[in-house]
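Asker: Below you'll find the structure I mean.
FYI, it's all coordinate maths here, none of it is from the lab. Here the structure is a predicted model, which is why all the values come from computation and not from measurement. Backbone-built Cβ (ideal geometry, glycine too); neighbour counts: all protein chains shown.
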Amino acid sequence: MIKTAVVGATGYVGEELVRLLSAHPQAEIPYLTSHSNAGQKYSEIYRSFNHIISDTCIEENLEELAQKVDLIFIALPHGIACKKINKNILEKAKVIDLGADFRIKSKQVYEEWYKTEHKSTELLEEAVYGLSEWKRERVKNARLVANPGCYTTCSILSLLPVVKEGLIDTETIVIDAKSGVTGAGKSLSPGTHFTECNESVKAYKIASHRHTPEIEQELSEFVQKEIKLTFTPSLIPIQRGILANCYAKLVDKSIKYEDVREIFLKYYGKEYFIRIMEKDNYPETRWVRNSNFYDVGFKVDARTGNLVVAGAIDNLVKGASGQAIQNMNIMFGFDEKTGLESVPACL
């Protein structure tokens, strides 16, 4: 058994972490922190935990937590973790940061997109980008894992096989992604009020969403050249889920569906959490809801010479807490599926 702490346990991502960890046979969570709910029983905040978790939320103190646990999950907004994590903490406990502070390798790029100063630049090189299926060998020995964002997980998983194999013109990539309202977090915002988003769909942060440089960085790493792409996110009136439709020109119009499928099987055929759909079948968010699965389907448009790759995940699980636990399993030598094998709840 390993001891863990969840910092920011009462946010949507934090609650999902607690839910998954509470059923994990190799981990316990003796410490749940929440600044806004300190002193309150966790089961009073989320009554789904009645008779399951009796702990009371405490104020966060990373220095003290690092001496008591093996792993600290940080589920806080960007700009906070980089002020709190240091090498002294990492010498005592491993850290998985579910925020954005250690995802971007360039201090300049991070500060440009997130509009805040990065306070732990000495750790940027050490931090491992925790896209589990592609970075597991580095995650195994990591002290600090930067858990990927939700849009980025879905988009990168969808594009990496064909980018790496050179099937598409990387200058033509367009990502059109839709997300449920929980992707915006628990903090109040007029744009996510029920009356503002129900019965409506809207694009937002066009050509300016903060996940853009993260997607570009990871795709560029695998082809050793700079990739720039168009990313447009939209908010849809569902609680959870992401559907990312990715478009690009094929480098050769003779490429057929079977060629693309062979490449996806090459990289993902043995991956438990990646489900490649059959021809002319495409993902739906309900088929991955409450699960750590990523579903992918694709279409070769012979008429236009385009490839369309459609991917779906649950933004709170594979796009956040589930992938964090998958990374924890890798870091501590557990079976990667441990605590994450539940069947999606499609209704």
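Asker: Report for the range 2-126 the percent antiparallel among DSSP-assigned beta bridges with both residues inside it, nearest 5.
Answerer: 5
Asker: Rank these for me by crowding, Ser179, Ser208, Ser120, going from fewest to most other beta carbons within 10 Å. Walk me through the numbers on the way to the answer.
Answerer: Working: Ser179 25, Ser208 9, Ser120 19.
With the sparsest Cβ surroundings first, the list reads Ser208, Ser120, Ser179.
Asker: With each pseudo-label sitting 7 Å past Cα toward Cβ, what's the Lys164-His193 distance in nm, one decimal?
Answerer: It works out to 4.6 nm between the two label points.
Asker: How long is the gain from Met1 to Ser48 if the chain were fully straight, where each residue apart is worth 0.36 nm and the alpha carbon distance is subtracted?
Answerer: 14.5 nm
Asker: List the residues, sorted by chain then number, that are 5 or more residues from Leu144 or on another chain and whose placed amide H is less than 5 Å from its amide H.
Answerer: So Leu144 has HN proximity to Val95, Val128.
Asker: Okay, moving on. So which residue, out of Pro190, Pro148, Pro77, gets the largest mean-square fluctuation from a GNM of the chain using Cα contacts under 10 Å as springs?
Answerer: Looking only at Pro190, Pro148, Pro77, the largest GNM fluctuation is found for Pro190.
Asker: While we're on this one: Determine the distance separating the Cα centre of the range 38-75 from the Cα centre of the range 88-133; give it in Å without decimals.
Answerer: 23
Asker: With a sphere of radius 12 Å drawn around the Cβ of Asn86, what net charge do the other residues whose Cβ falls strictly inside it have (Lys, Arg +1; Asp, Glu -1)?
Answerer: Value of the local net charge: +2.
Asker: Also, quick follow-up: Please arrange Glu278, Glu262 by counting, for each residue, the other beta carbons lying within 10 Å of its beta carbon, fewest first.
Answerer: Listed from fewest to most nearby Cβ atoms, that is Glu278, Glu262.
Asker: Take the alpha carbon atoms of the range 308-340, find their center, do the same for the range 198-239, and report the distance between the two centers in whole angstrom.
Answerer: Centre-to-centre distance over Cα atoms comes out at 20 Å.
Asker: How much length is gained on full extension from Thr230 to Glu271, taking 0.36 nm per residue of separation minus their Cα-Cα distance?
Answerer: Difference between extended and current length: 11.9 nm.
Asker: OK, next. List the chymotrypsin sites (Phe, Trp or Tyr not before Pro) in the range 52-124 that DSSP assigns to loop (not H, G, I, E or B) and whose Cβ has at most 10 other Cβ atoms within 10 Å. Which are they?
Answerer: none
Asker: Another question, then. If you project the alpha carbons of the range 211-347 onto their three principal axes, what span does each projection cover, largest first, in Å?
Answerer: 43, 36, 31
Asker: Using per-residue counts of other Cβ atoms within 10 Å, averaged over each peptide, order 87-98, 330-341 from highest down.
Answerer: For the peptides 87-98, 330-341, the packing ranking is 87-98, 330-341.
Asker: Now for a different question. One quarter of the convex hull surface, Cα atoms only: what value does that give for the range 2-126 in nm²?
Answerer: Across all orientations, the range 2-126 yields a mean hull projection of 7.6 nm².
Asker: Can you work out the Karplus-derived ³J(HN,Hα) for every residue in the range 225-234? Use 6.51 cos²θ - 1.76 cosθ + 1.60 with θ = phi - 60°, whole Hz, and x for glycine or proline.
Answerer: These are the phi-based 3J(HN,Hα) values: 8, 6, 10, 10, 9, 9, 10, 10, x, 10 Hz.
Asker: Taking every DSSP beta bridge that has both residues in the range 263-347, what percent is antiparallel when rounded to the nearest 5?
Answerer: 70
Asker: Give, in nm to one decimal, the length gained when the segment between His35 and Glu111 is fully stretched (0.36 nm per residue of separation minus the Cα-Cα distance).
Answerer: Values: separation 76, 0.36 × 76 = 27.36 nm, distance 2.55 nm.
Once the chain is fully extended between His35 and Glu111, it gains 24.8 nm.
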